[in-house]
Every structure is written in C-alpha cells, then in structure tokens.
1. Has region 72-88 got at least one residue that is more than 21 Å from MET158 (Cβ to Cβ), surrounded by fewer than 17 Cβ atoms within 10 Å (Cβ to Cβ), small (Gly, Ala, Ser) and in contact with a Phe, Trp or Tyr (Cβ under 8 Å, 6 or more places away or on another chain)?
2. Using the structure shown, decide if GLU68 is among the acidic types (Asp, Glu), surrounded by 17 or more Cβ atoms within 10 Å (Cβ to Cβ) and either outside any helix (DSSP H, G or I) or out of contact with any helix residue (DSSP H, G or I) (no Cβ under 6 Å at 6 or more places or on another chain) (or both).
3. Only one residue in ASP45, ASP25 is of a type outside the set (A, V, I, L, M) and free of Cβ contacts under 8 Å to residues at least 40 places away in the same chain. Which one?
4. Do you know which residues across region 68-84 are closer than 17 Å to PRO128 by Cα and either out of contact with any Ser or Thr (no Cβ under 8 Å at 6 or more places or on another chain) or modelled with pLDDT of 95 or more (or both)?
5. Mind listing whichever residues of region 150-182 are under 16 Å from ALA119 (Cβ atoms), surrounded by fewer than 19 Cβ atoms within 10 Å (Cβ to Cβ) and of a type in the set (S, T, N, Q)?
6. What is the residue count in region 1-28 for residues that are among the acidic types (Asp, Glu), over 12 Å from the mean Cα position of the chain (by Cα) and buried (at least 16 other Cβ atoms within 10 Å of the Cβ)?
Amino acid sequence: MDIRLVEAADSAQVRTVISRAFMDDPLIDRLFPADEYQTSSLRLDAVAVFYAPSVEFFCTVGSGLVAEEAGDVLGAVLWNAPSATPSTSLPSAGGVAALMLGTRASQLGAAMAAAREGAPPAEGTYIPDVSVVPESQGRGIGRDLMAAAIDRAGSDGMWLETTNPRNIPFYERAGFQVTHTGLLGDFGIPMTRMVSR
C-alpha cells in the first residue's frame, strides 16, 4: 500500500471512493433519499456527480493524499488549501448542488450555519473528506491516511466536521477531539466538529 499526494489523474477514482464510502452517511441519506432513485447504482451516480467539482479541484491542486494498491485508489483524505486559487471551471460545486438538490441546497446551507452556532473557532487546515472504500475498511488505511495528513499539517493542525456519529471514535483514535456538536436545523442530524490535538 502506497500513500502519496493526490494528483489530477486521480479525480475519477477519488470521486468513486468518496461516493461509495459516504452512501450510508446520515446527511447523504437525507440529501439523496434511496426512495427517490430507481436503483442503488443511479443513487450512487448522483452522489458522485454531487462530489465531482470539489474532488476535481482538490485533485488538480494536489490538496490531499490517496492510499493506492496495485493501481487502485482505496482511500483518500482531502483538505482545503488556503493558498490555492478557487476553481473557476464549470460546473461549480455550488451550481451542481443547486441543480441536483433544488431547495435542499439552500436548506443545507442554513442547516450547516445553524449547526455551527456557538462553535469555537477552528484553526488549521479543514478536512472536508476522509474515505475508504467499504470492502477495504478495517485494514488501517484510514488510520494511515489520517496520520500522514496530520504529519503534513505539522503544528498548524487540522479540523473536520462529521455528520456520521459512527466515525467519531475513528477520528478520536486518529488524534482528534470533539469541540462542538450542533444540530443541522430541520435535517435533525448532529454535526460534530473535531480538532487535531
């Protein structure tokens, strides 16, 4: 297993890894309800399209790491690069969200703002996505990716937010601590902010 910096050529595989890993996330369930799709593969495609613009940007600017085995990307961690110029290519992440989610997109924005109310400021690099394909989970891939990401961040630290309570123990083992939990407004889903120690 190799862990290396993400590259533009990894975009399709990283998008697939994230989409497959997040299919049972409570927020994805709410945004892409299974009963609105004819098949599970169509729902998976929708989630992949939703993630495509942001994943393409992170891969293009090399803002993340992938775990690769025999040419297959099995896991990824992506982070915001404060020095990177925001992408002006289309489609934009916000545009795709609005097209796919309709009124749910603006509801999501309001819900995230509500969940962050009262949260202490977070410093360091923000991690929007950590994922490992389901069949490779439990092998230590996520642990190794997080350790490498934290090592790269150095003293600047990292922070993340999760809407899947099952992931909190994993992040705690990786060296993160909970600093705030708020409810995603009408979505009724807790969002937990965690910061690397």
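1. The answer is yes, given that some residue of region 72-88 is more than 21 Å from MET158 (Cβ to Cβ), surrounded by fewer than 17 Cβ atoms within 10 Å (Cβ to Cβ), small (Gly, Ala, Ser) and in contact with a Phe, Trp or Tyr (Cβ under 8 Å, 6 or more places away or on another chain).
2. Values: among the acidic types (Asp, Glu): yes; surrounded by 17 or more Cβ atoms within 10 Å (Cβ to Cβ): yes; either outside any helix (DSSP H, G or I) or out of contact with any helix residue (DSSP H, G or I) (no Cβ under 6 Å at 6 or more places or on another chain) (or both): yes.
Yes.
3. Working: ASP25 fails: free of Cβ contacts under 8 Å to residues at least 40 places away in the same chain.
Checking each option against the conditions leaves just ASP45.
4. Within region 68-84, the first condition is being closer than 17 Å to PRO128 by Cα, and the residues that meet it are 75-84.
Hits for region 68-84 are GLY75, ALA76, VAL77, LEU78, SER83.
5. GLN177, THR179, THR181
6. Of the residues in region 1-28, the ones among the acidic types (Asp, Glu) are 2, 7, 10, 24-25.
Then drop every residue that is not over 12 Å from the mean Cα position of the chain (by Cα), which leaves 2, 7, 10, 24.
Filter once more, so that each one left must be buried (at least 16 other Cβ atoms within 10 Å of the Cβ): 10.
Here the count works out to 1.
Here is a yes/no grid of residues against (1) touching a helix residue (DSSP H, G or I) at 6+ places or on another chain (Cβ under 9 Å); (2) farther than 22 Å from ILE3 by Cβ; (3) without any contact (Cβ under 8 Å) to a residue 40 or more places away in the chain:
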{"residue": "ILE150", "(1), (2), (3)": "no, no, no"}
{"residue": "MET158", "(1), (2), (3)": "yes, no, no"}
{"residue": "PHE176", "(1), (2), (3)": "yes, no, yes"}
{"residue": "GLY182", "(1), (2), (3)": "yes, yes, no"}
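The values are calculated or read from the model by the stated rules, or taken from the named source; none is laboratory data. What you are looking at is a predicted structure, and each value in this text was computed from that prediction instead of being measured. Virtual Cβ from ideal backbone geometry, glycine too; neighbours counted across all protein chains shown.
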